[in-house]
Amino acid sequence: MRRCPLVPLALLLVLGGPPQADAGPSDARAALAELVRGVEVRRGIQHRSLVVVALVAREPCDDPDAGPACSTAGLAWAPDEGRVEVVAANAAEDRVVPTGTLLREGPRERVTAYPLVLTAGAGAHVEAIRVPSGLDVAADAVRTFAGLAGPEARHVVTIAPHPDALGELLELERFLAGLPDGDVPGPLAAIRDAPRVTTARAAGAKALARLATAYGGETRGYVAFLGHRPVEVVVSKAASTHADRWRAAVDGLATHGVLWEELYGRTGEPVEPVDWTRVLEVTARLLDQVGKAGVRRSPDATRWRLRSKSASRLGWLQLDEDGQALLLEAWPLGDTGPFPVPARGPGGKPVDERPDSILQGTLTREFLERFLERLDRIRRGLGLR
Amino acid sequence: MRRLVLLPLLLLVLTPCAEADSATRKALAALKAARNPAQRIAAIGKLEASGGDQAAAALARLVAGDPAIEVRVRAAHALGRTRAESARELLFERVVDGGPLAVRDAVAWALAKKAKGARLLTAGLEQARRTTLERGLLLRALGAMRDEGTRDTLLRWIDDPDPYLGAEALRGLVARADGDGATVALLVRLLRERRDASGLLPVLDAAEPALDPALRLALQRLTTFLEPAVVEAADHLLRVLDARVVAETEPQPAKGGDRYGTPEAPPPTRIPGDVPTRSRHDLVYLLDVTGSTVMTLPALQDRIRQEIDLLVGLGLNLRVGFIAYRGGQGMQARLRGLEVLPLTYDPTRVHAFVADLKSGGVDDRGASAALALRVALDRMGWRVGARRTVQLIADGPCEDEADAIARAGIHYRAERTRTKVAYVLRTRTQVPAELDRIAKAGGTGAVEVLE
């Protein structure tokens, strides 16, 4: 059996729970453990390379007063200059804002760099990255595109948070979507609505839609696997919140499924049915590890090592300043991942080759530049561009 | 003088016994002389009338081993009616040994006739030495008794941690309830409370005979699940429910016609055949795992896994069971050598069981293929109305050809439970001839050769 690559996995876990501005990491861990204990892993939906596992409430819970995760109100923020910025965000109601949420104000788009909990009226400062876009988006686009800055964007933002990373990623995504070159990249919506993406994305969104109210409306979250790695974990406190979030996120996930396949050259290829037993097993282990997260600080003060007897290098857990949310970078356990590993990674690098830096993963700035050049060369050679 | 008084009294007491002994002897002789099932059935009547323990033992032997199913059933009924003291215990043993489905029902009926028969079964369930398959047979017998006193026992076992026993108890309870309110309420509760496919599928399967409109909401909720097996089963029941409701409420075509005198077209009429059906399959693998299979076992494990995945992928209402057999000296050692997975709806349990199998054990007296066949055919909780198949995958000759052929034969002839045989052609150049005969008796023709 081939060993799985040590590709960092970016898992985003959004926490619900009462807003506590001074809550410490241990409180966050307790809230996290409670949240994970509250759900069980159930079979989800596969749509081509995108596999979504359902997280279903052990006990039905749909309390409208359950806390910030129940709120779906919009955000307002005050932009500052600079490419990585700290902006003041305000919300009409308490809510959790996931990493990668698209913030919109005037003609600019921004994406949150870290998850945060917002208390109604109090506001918070959130690190956001400006999306290189000169165009406005519709007022109701916040929810629609909230998930569009999806797994890859979140990955780049958190693993390689240099100022240009997101811009380069968007350039790559524009390329994959078949959009023309431009000095100023267009809005995220342009990628979503590109002809190469539209049909496949719509099919994906349709196939995945059932997860909103699956299991008798008791679904409270999901773990999304893209290709051979888990990319996102989201748990909501109430099923109704999950349903709302899922409807907003499904479009973005489906779009990223399309782009991922394009990235690996798998568009249109038949996809093997996933081994659900294995996927559910891996998901349960990941959640189990998340539930036990953090007993001692690593040298980096913001990182917490996951407690694991068998896999000391399972990954890293990162809490935000309030200790209310976390980001997890993890590696698959054991010799085999839940999915067949592509023979070649993006850019032609063997996927089982160890990344130059574990913490930076494969999507470094240099990598993206190399990859774009390589893809461009190939396409020009084929007369596609 | 006193002796002269006692003698007539003694004669008075002993005369019926002597007559009974004589009647038993005659009945046994008639049974021995019987050349066909009709003659054996005639002898059964005489054995029943004689009422002695010797006659009861003879009847029990017929229940266990007669080649004709009708003889076995008649013998079981006779055991239920006979006055013999030992009949109750003999029937209990027959319950635990199992047999074709008709025989199991007949034995349960007979035991219900006996005072404290149900109590004997309930006590048997609590005995620590009982295997899962034996407990399953006891639960099935309790269900078939249709005795109100057994309801509480079955209700207790429905939530047993072993899903096989829970399913057997539920099937027994639902099958005899004829859709009464309490049973429907129980089904609704189980459909709401049970969360995973392995817990829900037995309920959905058992619910079909007791299908009631009160189940509709619970079934509709299950169609939102993402486990295809659950969705298919719930969807099927909803369609059955719809078809039944339409059949019950459909208006008759009006007489006459419209104002132009055109005869009205009759509305679509649903006939019983319109009620959707979903085929059920029970499949039990018997696999030789003696030491000699060490080289071939991994490939066979792969093959079995693929087969099961394929069947599951077809969306069948499928249960799979497994018996891995070895050798051993003496019946107890051979029985201990069996690794048994009772029929389950959960393919992941089968996969885990198959993955854990290891080659080992001697087979100098022949691997226990016949014993495995006996346990599978006689004791597994087969479903009535399912397509029932035993797949024997042998790696050597059969240790008891006569028993295997007789058992495969009666299950096929009486109830169409098939025995398929595959042979792993490893060191021998020819398939053992007796395997061909077992396959023929089991209704599946030639042995499949695996190379």
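The values are calculated or read from the model by the stated rules, or taken from the named source; none is laboratory data. No experiment lies behind these values; they were computed from the predicted model shown. Heads up, the Cβs are rebuilt from the backbone with ideal geometry, glycines too, and the neighbour counts pull from every protein chain shown.
Give me the pairs: first residue in segment A:260-275 and within 14 Å of chain B (Cβ to nearest Cβ) and farther than 16 Å from A:GLY178 by Cβ, second residue surrounded by 15 or more Cβ atoms within 10 Å (Cβ to Cβ) and modelled with pLDDT under 80, beta-carbon distance under 8 Å, and six or more apart or on different chains, which are they?
As it stands, the answer is A:VAL274/A:PRO338; A:VAL274/A:PHE339; A:ASP275/A:PRO338, since those pairs meet every condition given.
Within segment A:176-201, count every residue that is buried (at least 18 other Cβ atoms within 10 Å of the Cβ), modelled with pLDDT of 75 or more and in a loop (DSSP other than H, G, I, E, B).
So the answer is 3.
Take the conditions of a type in the set (Val, Ile, Thr) and more than 23 Å from the chain's Cα centre (by Cα) and apply them to B:VAL184. Does it pass? Break it down stepwise before answering.
Numbers: of a type in the set (Val, Ile, Thr): yes; more than 23 Å from the chain's Cα centre (by Cα): yes.
Yes; evaluated as a whole, the condition is true for this residue.
Can you find even one residue in segment B:441-449 that is β-branched (Val, Ile, Thr), under 29 Å from B:ARG104 (Cβ atoms) and touching a Cys at 6+ places or on another chain (Cβ under 9 Å)?
Scanning segment B:441-449 turns up no residue that is β-branched (Val, Ile, Thr), under 29 Å from B:ARG104 (Cβ atoms) and touching a Cys at 6+ places or on another chain (Cβ under 9 Å).
With the condition kept exactly as written, say whether any residue in segment B:413-434 is touching a residue at least 12 places away in the same chain (Cβ under 8 Å), assigned to a helix (DSSP H, G or I) and more than 19 Å from B:VAL284 (Cβ to Cβ).
Scanning segment B:413-434, I find at least one residue that is touching a residue at least 12 places away in the same chain (Cβ under 8 Å), assigned to a helix (DSSP H, G or I) and more than 19 Å from B:VAL284 (Cβ to Cβ), so the answer is yes.
Counting only residues that are under 15 Å from A:ARG58 (Cβ atoms) and in contact with a helix residue (DSSP H, G or I) (Cβ under 8 Å, 6 or more places away or on another chain), which one in segment A:205-220 is farthest from the other protein chains (Cβ to nearest Cβ)?
So the residue we want is A:ARG220.
Being farther than 17 Å from B:TYR164 by Cα and either within 14 Å of chain A (Cβ to nearest Cβ) or surrounded by 22 or more Cβ atoms within 10 Å (Cβ to Cβ) (or both) is the filter here, so list the residues in segment B:193-214 that pass it. Spell out how you get there, then give the answer.
Our first condition is that a residue be farther than 17 Å from B:TYR164 by Cα; within segment B:193-214, this holds for B:193, B:208-214.
Within segment B:193-214, just B:GLU193 meets the criteria.
Test B:LEU222 against the criterion of being crowded, with 20+ Cβ neighbours inside 10 Å and touching a residue at least 12 places away in the same chain (Cβ under 8 Å), and give yes or no.
yes
Hey, any hits in segment B:441-449 for a residue that's in a loop (DSSP other than H, G, I, E, B), over 27 Å from B:GLY136 (Cα atoms) and among the small types (Gly, Ala, Ser)? Give the derivation first.
Start the filter on segment B:441-449 by keeping residues that are in a loop (DSSP other than H, G, I, E, B), which leaves B:442-447.
Adding the requirement that they be over 27 Å from B:GLY136 (Cα atoms) leaves B:444-447.
Filter again for among the small types (Gly, Ala, Ser), leaving B:445-446.
Yes, that holds for at least one residue.
Of all residues in segment B:269-292 being among the aliphatic types (A, V, I, L, M), closer than 20 Å to B:ARG387 by Cβ and at pLDDT 90 or above, which is surrounded by the fewest Cβ atoms within 10 Å (Cβ to Cβ)?
Kept after step one, since they are among the aliphatic types (A, V, I, L, M), are these residues of segment B:269-292: B:271, B:275, B:283-284, B:286-287, B:289.
Cutting the leftovers down to closer than 20 Å to B:ARG387 by Cβ gives us B:275, B:283-284, B:286.
Within this subset, residues satisfying the condition of being at pLDDT 90 or above are B:283-284, B:286.
Numbers: B:LEU283: 23, B:VAL284: 27, B:LEU286: 27.
Only one residue fits best here, namely B:LEU283.
Could you check segment B:293-309 and list, in sequence order, the residues that are at pLDDT below 90 and within 14 Å of chain A (Cβ to nearest Cβ)?
If the condition is that a residue be at pLDDT below 90 and within 14 Å of chain A (Cβ to nearest Cβ), then B:ASP309 is the only one that fits.
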